[in-house]
Each structure stands twice: as structure tokens, then as C-alpha cells.
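These notes are about the structure you will find just below.
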Amino acid sequence: MAPIVKLMSTGGFIYEKNNSFPFVVKESPNRIFFKMMDFMMKCKLSYAMFHSTPLYNEIIEEIWTSCEYSGTNCTLQFTIQGNEYIVNSDVLQACLHLPENNCSALPTYTEMINMLNSINYSLHTDNLGKIIRRGLVREYSYLADAFIKVFSGKISNFDALTNSMLILFTMLLTDRYYNCSTQLMYEIGAKLGDKANRKKNIYYARFLMMLANHVSPTPLVISNPVSRFDCFVQEKRVLTDILRLNHNGDVPVVYLPIIEVTTAIPASIAVTSTVLPNPVAVESVVVTQQAPSPTTKPKSKKSSKPASGASQKAPIVKSTTQPKGSGAGVLRGEERGEHKRNPKDKEGKMSEIQPSPIVSSQQGTMRE
């Protein structure tokens, strides 16, 4: 198996390979996955799954080292270039274009089991925290792997859907969303852990950079252009391995109604139709060789806990500028989908622009 590449910055931070893009290049050997590729590119979570932005060490590492997660208020508090921000789940929802609530509660135990049964999951469902690859047909195995690589803090190959990921996965396949951003905020907070004991292994780099672009009232000033690197992509070999293992190859695939409806939407009016787009000039940041001038750290205000089903109108707290409503937030060049990943990067490898010359790797294999 090919190694799982990890990037290490000159500051000693390791960028774990999660928060990746799904691999959606349509090639003849992978034709059984084409419908799931179309579904992901058009579904309600497609912006969060495919939106690309250049990543910068200096921004991400400042957020990672300064960030504090409050489970009580469901907030992230961090600094960007010395300015302090507090964001809640509504801000995250607006930033990632996550769906509004269309039901009144999270999926129940019974609803999750019914969903698994409806896609012909072949193993026991006694432990919903350990729904494993061997029980899924090949098409849903690919979808689950792509989903986990985007939203979970898991960095190895998919073997089991944790309970929190199964909740989000059920939302996707039943089209019943409730507090999706809160669930994701919890996942990010769990990886952050306690600030005092936080390691230098960074997760969710793409989402953190998207948040930085979203909350900043002006383009971010980048003092070190070579700190830029590109987003990870799900490994192409995952598709090959699924076909090779052929779990449940004789079990018919059942495409749920939301998959049939979503894939029938013309690409021109879908939520997004991004397929490995071309890179263009960066507009959401200002790159300069000079470090930004010191900024006095403003006092922050506490953000109240968002109510269930709150809209995207919650403010981003920043005392040095007028708060920007998350629902009306503009990402400048980034929101228009202008920052794209390299079309040559079809196997999940990083582009030639690396965060540092130091690259380490470890072996990763798919379990039988």
C-alpha cells in the first residue's frame, strides 16, 4: 500500500490527513461509484465537502494553538493575527453552508437502524458505534469513506463509522438535518482537546482556514507565502481496494430516494458541481513579504449558547470591528469557488507547493 503522507511545518506541527476532498474523478474501472460521486457533488453538504481554499501554516497554527472549545456554549474562541474571535455553531453553519434544520430532533436509534437496513447493511446493528466496512455494499463503502475523510477526525482508512459520524451520515441519507453544525463543532472540539495539553498534530486544517476567511472583515495578510499548501484528497487507491475486497459484491445496491432525487438535479442548478477545478489567483488573502504590524488584542465578549434550530444570523464577535452577521458573510473570492485544487492532483497527493521541505510518512492499509 502507498504511504499516508503527513506534512510537517517548520514549526514542528504535523498536518494530519483528514478534512479531505472526496475523490470524484470518473474513470472507467470505477464506474460503479459514478452515481455516488454525482450525489456528493450535488448534495446539501457539497460545499463543505468540496470547497477549496489555499491553506497557510501561519494562520492555521495560530488558530490551533490559541483555540479554546466550550462544550457548554458550543463555541470556539481563537485569535487570528492577534485579533480575538468567538464563533458559535451558527457561524460554522454559515461558513460551511450547512443545511438549516428541517426536522425537530437528531436521528433516533431506530431511524439509524432503519437507514442501515434500507441500504442492505449485512451485519448486526447491535453496536451502532461500530458500523463497519464489511457490512456495506461497495457503493456505500466508498461514500462512507469519503464522508469520514471530510467530517471526521479519523485519519486512517475507514473501518468503522463512529456513533457521531453515523448520526451525520444518517442525516445525509435521509435528508433530515438537525443541528448539523453543532455535531461538527463537537467533532472539532474533541480533536482540539485541552489547550494546556494540546499536541502539535493539527486536524481540520481546511475548515479552520475557511473559518479564518469567513470571520476576517478584511483580507488576511500573509507574511510567509511559502507557508501555503493545498488541501488533501481522498486516496484514489481506496476505490481500487473496495473493488478488490468486493465485500457484499453479490448484494444489490439500493439507492435511497434522496440519492435518486439529488443526482437527477442538473449540474447547472445543483448546490455545487465542483470536480477537481483549476487553481486561480488568490483573492481572500494579501500576500506580503513583510510581517503584519502588531495589533492590540481586543477584549472579547462571551457568546451565548445558540438555541436549537437557530438561523445563520448569529454574530461573529470581534470588538475591533463591527460584527459581521454570519448569514450575510461574504468570503470574497473564496465563496465564489475561485480557489481550487490542482487538477493534476488526482491521487490524493499534495501539490508541489508544500508548507515546508519536511515531509514524513507512515504506512496505511485497508483492513480486510
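Numbers below:
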read-out: Summed side-chain charge close to residue 202 - residues other than residue 202 whose Cβ falls under 12 Å, Lys, Arg +1, Asp, Glu -1; value: +4
read-out: The stretch 117-232 - percent of accessible surface contributed by carbon and sulfur, probe 1.4 Å; value: 47
read-out: Shape call, the stretch 165-223: gyration tensor on alpha carbons, a/c limit 1.5; value: oblate
read-out: Residue-normalised accessible area of the stretch 105-262, given per residue in Å² at a 1.4 Å probe; value: 36
read-out: Residues with amide H under 5 Å from that of residue 6, placed H, sequence gap 5 or more; value: 360, 361, 362
read-out: Cβ crowding within 10 Å averaged over residues, with 29-39, 105-115 ranked highest first; value: 29-39, 105-115
read-out: Solvent exposure ordering (accessible area, 1.4 Å, most first) of 218, 174, 72; value: 72, 218, 174
read-out: List 137, 251, ordered by accessible area with a 1.4 Å probe, largest first; value: 251, 137
read-out: Dipole magnitude of the stretch 1-145 about its Cα centre (Cβ charges: Lys, Arg +1; Asp, Glu -1), debye to nearest 20; value: 840
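The values are calculated or read from the model by the stated rules, or taken from the named source; none is laboratory data. If you're wondering where the values come from, they're calculated on a predicted model, not measured in any experiment. Every residue, glycine among them, receives a Cβ derived from its backbone with ideal geometry; neighbour counts consider all protein chains shown. The accessibility values were calculated without ligands, DNA or RNA, using every heavy atom of the protein model including side chains. Shrake-Rupley method; radii C 1.70, N 1.55, O 1.52, S 1.80 Å.
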